[in-house]
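To keep things clear, I will list the structure first and then write my remarks on it.
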Amino acid sequence: SLRPRHAELNDLLDPVEQERAQRFRFDADRERFILGHGLLRSLLGKYLKRDGSLVRMARGTFGKPFLERKDLRFSFSDTKDAILVAFANKHEIGADIETMHRHVDHDAVSEHYFTAPEAREIQAAGSGAGAKRRFLEFWTRKEAVLKASGVGIMDDLRSLRVDGERNTMVIAHEAFISMAAPEYHVHTWHVGPDHLISLASPVKVREVKVWGVESV
């Protein structure tokens with residue numbers, strides 16, 4: 001539904017974003033980047049009451065964009081068939097979206113990215129859609145925490161446990177230790193039959209408002 005706005009959203013991108021868009025090898029990936037980042041700028045413009053093309057963003061050590069001298073926080077995520085932009089006031093936020101249409105080799109990936117209890121839960125979910133959904137729940141939670149921390153990536157995701165109501169672990173990743181909050185509150189939602197969204201914040205999120213792209 002964003003495709004008719006392609007030219008409008010493309011015009012909002014700054015030169016760095018335009019250059020990044022041209023690096024994509026496949027047209028679908030380039031289009032998703034333009035639509036997603038153009039939508040982000042459009043929404044930031046609405047919040048800040050200015051043209052989205054004039055919004056200036058700084059970047060953290062690991063590339064996470066943020067607004068200097070503003071309380072508005074945001075997180076961007078995309079997958080093969082969906083785009084997610086999340087906003088919060090004052091407190092940091094991390095959000096991740098995934099699609100059930102993504103091909104996942106549970107056995108091969110679990111060994112490298114999940115704790116033993118998480119891997120057992122994925123296996124216990126059986127085969128097919130059940131295991132895939134459990135896998136994506138854990139995956140999006142880990143991604144949301146890393147995005148909220150500003151680190152964005154961590155070599156050993158097995159040190160980040162997300163399968164219980166409360167998880168306590170010792171993480172050795174130096175950047176995560178220095179940048180992350182003492183704790184994160186993580187929530188996961190199933191959106192329709194095909195998508196999962198996880199949200200992480202250092203404070204408890206008491207209210208979440210959701211809008212489809214048609215309404216913004």
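Please work out if Glu31 is open to solvent by 30 Å² or more (accessible area, probe 1.4 Å), more than 26 Å from Val210 (Cβ to Cβ), touching a residue at least 12 places away in the same chain (Cβ under 8 Å) and of a type outside the set (A, V, I, L, M, F, W, C). Can you show your working first?
Values: open to solvent by 30 Å² or more (accessible area, probe 1.4 Å): yes; more than 26 Å from Val210 (Cβ to Cβ): no; touching a residue at least 12 places away in the same chain (Cβ under 8 Å): yes; of a type outside the set (A, V, I, L, M, F, W, C): yes.
Against the criterion (open to solvent by 30 Å² or more (accessible area, probe 1.4 Å), more than 26 Å from Val210 (Cβ to Cβ), touching a residue at least 12 places away in the same chain (Cβ under 8 Å) and of a type outside the set (A, V, I, L, M, F, W, C)), Glu31 does not qualify.
Look through the range 146-190, keep the residues that are out of contact with any helix residue (DSSP H, G or I) (no Cβ under 7 Å at 6 or more places or on another chain) and in a helix (DSSP H, G or I), and return whichever of them is surrounded by the fewest Cβ atoms within 10 Å (Cβ to Cβ).
Glu174
Going by what's in this entry, would Thr61 be described as over 13 Å from Leu2 (Cβ atoms) and open to solvent by 80 Å² or more (accessible area, probe 1.4 Å)?
Values: over 13 Å from Leu2 (Cβ atoms): yes; open to solvent by 80 Å² or more (accessible area, probe 1.4 Å): yes.
Yes: the conditions hold for Thr61.
Being touching a strand residue (DSSP E or B) at 6+ places or on another chain (Cβ under 8 Å) and in a loop (DSSP other than H, G, I, E, B) is the filter; apply it to the range 198-209 and report the residue that is surrounded by the most Cβ atoms within 10 Å (Cβ to Cβ).
Ranking the qualifying residues of the range 198-209, first place goes to Pro202.
For residues that are β-branched (Val, Ile, Thr), modelled with pLDDT under 95 and either touching a Phe, Trp or Tyr at 6+ places or on another chain (Cβ under 6 Å) or over 27 Å from Met100 (Cα atoms) (or both), tally how many sit in the range 171-202.
The first filter runs over the range 171-202 and keeps only residues β-branched (Val, Ile, Thr), leaving 171, 177, 186, 188, 191, 197.
Checking which are modelled with pLDDT under 95 leaves us with 171, 177, 191.
Still in the list and also either touching a Phe, Trp or Tyr at 6+ places or on another chain (Cβ under 6 Å) or over 27 Å from Met100 (Cα atoms) (or both): 171, 177.
Of the residues in that region, 2 qualify.
So Ala82 clears everything in (1) out of contact with any helix residue (DSSP H, G or I) (no Cβ under 8 Å at 6 or more places or on another chain); (2) among the aliphatic types (A, V, I, L, M); (3) modelled with pLDDT of 95 or more except one condition, right? Which one?
Every condition holds for Ala82 apart from (3).
Among all residue pairs at least 6 apart or on different chains, which show Cβ distances below 8 Å where the first residue, located in the range 166-181, is of a type in the set (Phe, Trp, Tyr) and the second is modelled with pLDDT under 90?
Taking only residues 6 or more apart or on different chains, the pairs are Phe176/Met154.
Can you name the condition, by its number, that Phe62 falls short on among (1) modelled with pLDDT of 95 or more; (2) within 19 Å of Ile93 (Cα to Cα)?
(1)
The values are calculated or read from the model by the stated rules, or taken from the named source; none is laboratory data. Please read these numbers as outputs of a predicted model, since none were measured by experiment. Quick reminder, even Gly has a Cβ in these numbers, built from the backbone with ideal geometry, and neighbours come from all protein chains shown. For the accessible areas, the whole protein counts, side chains as well, though only heavy atoms, and no ligand, DNA or RNA atoms are used. Shrake-Rupley method; radii C 1.70, N 1.55, O 1.52, S 1.80 Å.
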